[in-house]
Amino acid sequence: MKEKKFYIETYGCQMNFADSEIVNSILLEEGMRPVHEAESADVVLVNTCSIRENAETKVWNRLKELRSIKKENGDLTVGVLGCMAERIKDRIIEQEHLVDIVVGPDAYRDIPRLLEEVEDGRKAVNVLLSLEETYADIAPVRTTGNGVNAFVSIMRGCDNMCSFCVVPFTRGRERSRPMESILREIKQLSDEGYKEVTLLGQNVNSYLDGENTFTRLMDEASKVDPEMRFRFSSPHPKDFPNDLLHLIAERPNLCNYIHIPAQAGSDTMLERMRRPYTREEYLELIQNMKSIIPGVSLSTDIIAGFCDETEEEHEQTLTLMAEVEYDLAYMFAYSERERTLAHRKYEDNVPEKVKKRRLTEIINQQMDIQERRNQDEIGRRHVVLVEGTSKRSEEQMSGRTDTNKMCVFDRKDFEKGDYVEVEVTDATSATLIARPIKKTTLTEYYGAEVVA
């Protein structure tokens, strides 16, 4: 029997990329072989994102391109995985005739059976959500990436039900992966030479495996390899554990960077969004982070033009961002999603022109803040984990500081995966430019070891 070749194309968040690595493992176990382009594959799977309309539009356009490839190669099987699967299964199979297989985020183990159904001439669908599935026993196979950074999923689903968010409907209820399996995966990554791991969950603060909390998980993870850095995404402001902040301050391999989504800056907007904290409580949390972790770098998510947003509420978002002074922000115009509370209860009534203008104001202010924050870095020293050569020049290396700032410096004899001590000499709003001093280790630079 001919060996089947597969290609996975991934859109959206880091969680989707982690899911694609689980699917890699499942298909390799079936004796299939990964290839690097759709044109060479027998099976093309598109792992999709539903978080914003723009993300879905990209997927629709790509599926239409794949239909053209399918016309030339009648044996090609095209499938949709992930968050769009349940939402669009009828349209994508019956109306548009774009795909042969549709698989939701909790049904990846079923892909081999579904592919057999397609071979028998049927369309195949499994979008059932699970209360138990965490894929804890499946070791992800990473066929892309730089071999330096890896994402590890620690939980699935979400129980928060923010009014704008479709995730609880596309990924199901929240459940945590056993800590033992997470630590086993981290140890495997360490053995394979990875130097940085980002732990992923819709709300990592809620992680709970028996008595093992998220702080305990971070504690144990940091002990696996003192020379491996750790980040996490995303926590929720409503229940951020104080003991985690102290642990980050204490451990040299827990990065001084926290992504802490605000979404909006006014109490009225936060209430409509069903974000269970006030502006004052959020700012108190930020102050606490800054006081416990000196030099902590912060990023956030901001939505412009949510339902009924007034100019005053928009101004309060701007003033919140100015007060916090985020080092990075992910900023979007509101995009209505079916099945959410906002879709059922509110009206998407901020005109598109107003949304775009408000988003532009938010972005412009944030770029000014980032440039100022990065200019303040001039003269400071950091440890950068080298991720590869710079996009602009083979003569320069690039990587991230502990505080998650992109940094470029002369290549010299440094290699991917090295830790390099640098001194910042210049900066833009997006990048630090630095003078390399020497190759180092976390233990050497911070003068402390993680105590096992």
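The values are calculated or read from the model by the stated rules, or taken from the named source; none is laboratory data. This is a predicted model, so every value here is computed, not measured. Heads up, the Cβs are rebuilt from the backbone with ideal geometry, glycines too, and the neighbour counts pull from every protein chain shown. Note: areas computed on protein heavy atoms with side chains; ligands, DNA, RNA excluded. Shrake-Rupley method; radii C 1.70, N 1.55, O 1.52, S 1.80 Å.
Treating the beta-carbon of each Lys and Arg as +1 and of each Asp and Glu as -1, no other charges, what is the dipole magnitude of the stretch 281-322 about its Cα centre, to the nearest 20 debye? Kindly include the intermediate steps, with their values, before the conclusion.
Numbers: 1 positive and 9 negative charges, 96 e Å.
Roughly 460 debye for the stretch 281-322.
Counting only protein heavy atoms and a 1.4 Å probe, the chain has 44 square angstrom of accessible area per residue. Counting every alpha-carbon pair across the stretch 352-452, the share separated by more than 24 Å comes to 33%. Per-atom-type breakdown for the chain gives carbon and sulfur 46% of the accessible area (1.4 Å probe, protein chains only). For a straight C-alpha distance cut-off of 18 angstrom, the lysines reachable from Lys439 (same-chain residues fewer than eight places away being disregarded) are Lys195, Lys412, Lys416. Computed from the Cβ-Cβ distance with R0 of 51 Å, the FRET efficiency linking Asn364 to Lys412 stands at 0.85. Between Arg109 and Lys391, the contour length at 0.36 nm per residue exceeds the alpha carbon distance by 97.8 nm. The calculated 222 nm mean residue ellipticity attributable to helices in the chain amounts to -10500 deg cm²/dmol, summing -39500 (n - 2.57) over DSSP H runs of n ≥ 4 and dividing by all residues.
A simple count of charges around Glu309, restricted to other residues whose Cβ falls under 11 Å of its Cβ and scoring Lys, Arg +1 and Asp, Glu -1, yields -3. Taking every pair of alpha-carbon atoms in the stretch 284-390, give the share separated by more than 24 Å as a whole percent. Cα-Cα pairs in the stretch 284-390 separated by more than 24 Å: 40 percent. Here the spin labels are modelled as points 7 Å beyond Cα on the Cα-Cβ line, and at Asp191 and Asn242 they lie 4.1 nm apart. Here the 3J(HN,Hα) profile of the stretch 407-423, calculated from phi with Karplus coefficients 6.51, -1.76 and 1.60 at θ = phi - 60°, is 9, 10, 7, 4, 5, 6, 10, 7, 10, 4, x, 6, 8, 10, 7, 10, 10 Hz, Gly and Pro shown as x. Ranking Gly121, Gln366, Asn242 by Cα position along the charge dipole of the chain, where only Lys, Arg, Asp and Glu carry charges on their C-beta atoms, puts Gly121 farthest toward the positive end.
Can you give me the orientation-averaged projected area of the convex hull built on the Cα atoms of the stretch 141-281, in nm²?
Working: hull surface 36.7 nm².
With the hull built on Cα positions only, its mean projection is 9.2 nm².
The calculated Kirkwood hydrodynamic radius for the stretch 230-352 is 15.4 Å, given to one decimal from all distinct C-alpha pairs. Within the shell defined by Cβ-Cβ distances under 13 Å, the residues around Ala18 carry a net charge of +1, with Lys and Arg each +1 and Asp and Glu each -1.
With Cα atoms as the point set, the radius of gyration and Dmax of the chain evaluate to 22.6, 66 Å. Spacing of the modelled spin labels on Glu211 and Asn54, each 7 Å from Cα toward Cβ, amounts to 4.7 nm.
Give me the lysines in straight-line cross-link reach of Lys71: C-alpha distance below 20 Å, same-chain residues under 8 apart excluded. Straight-line reach from Lys71, under 20 Å: Lys4, Lys5, Lys123. For a straight C-alpha distance cut-off of 21 angstrom, no lysines are reachable from Lys353 once same-chain residues fewer than eight places away are disregarded. A simple count of charges around Asp100, restricted to other residues whose Cβ falls under 13 Å of its Cβ and scoring Lys, Arg +1 and Asp, Glu -1, yields -3.
Applied to the stretch 311-323, the Karplus parametrisation 6.51 cos²θ - 1.76 cosθ + 1.60 on θ = phi - 60° returns per-residue 3J(HN,Hα) values of 4, 5, 5, 4, 4, 5, 5, 4, 5, 4, 5, 5, 6 Hz, with x for Gly and Pro.
At a Cβ-Cβ separation cutoff of 4.7 angstrom, cysteine residues of the chain with no neighbouring cysteine are Cys13, Cys49, Cys83, Cys158, Cys255, Cys307, Cys407.
Proximity of backbone amide H atoms, modeled 1.01 Å from N, is registered between Tyr257 and Ser297 at under 5 Å, excluding neighbours fewer than 5 places apart on the same chain.
Dimensions of the stretch 1-113 from C-alpha coordinates, computed as largest minus smallest value along each principal axis and given longest first, are 40, 31, 23 Å. The HN-Hα couplings worked out from phi for the stretch 116-126 by the Karplus form 6.51 cos²θ - 1.76 cosθ + 1.60 (θ = phi - 60°) are 5, 4, 5, 4, 7, x, 10, 7, 10, 9, 8 Hz, whole numbers, x standing for Gly and Pro. For Ala124, the residues whose modelled amide H falls within less than 5 Å of its own, excluding neighbours fewer than 5 places apart on the same chain, are Ile101, Val102. Spatially, the stretch 147-183 and the stretch 190-236 are offset by 13 Å when compared through their Cα centroids. Computed extension length for Thr425-His97: 112.5 nm, one decimal, from 0.36 nm per residue of separation with the Cα-Cα distance subtracted. Taking amide hydrogens as placed 1.01 Å from N in the peptide plane, the amide H of Asn47 sits under 5 Å from those of Glu9, Thr10, Tyr11, Leu81, each at least 5 positions away in sequence or on another chain.
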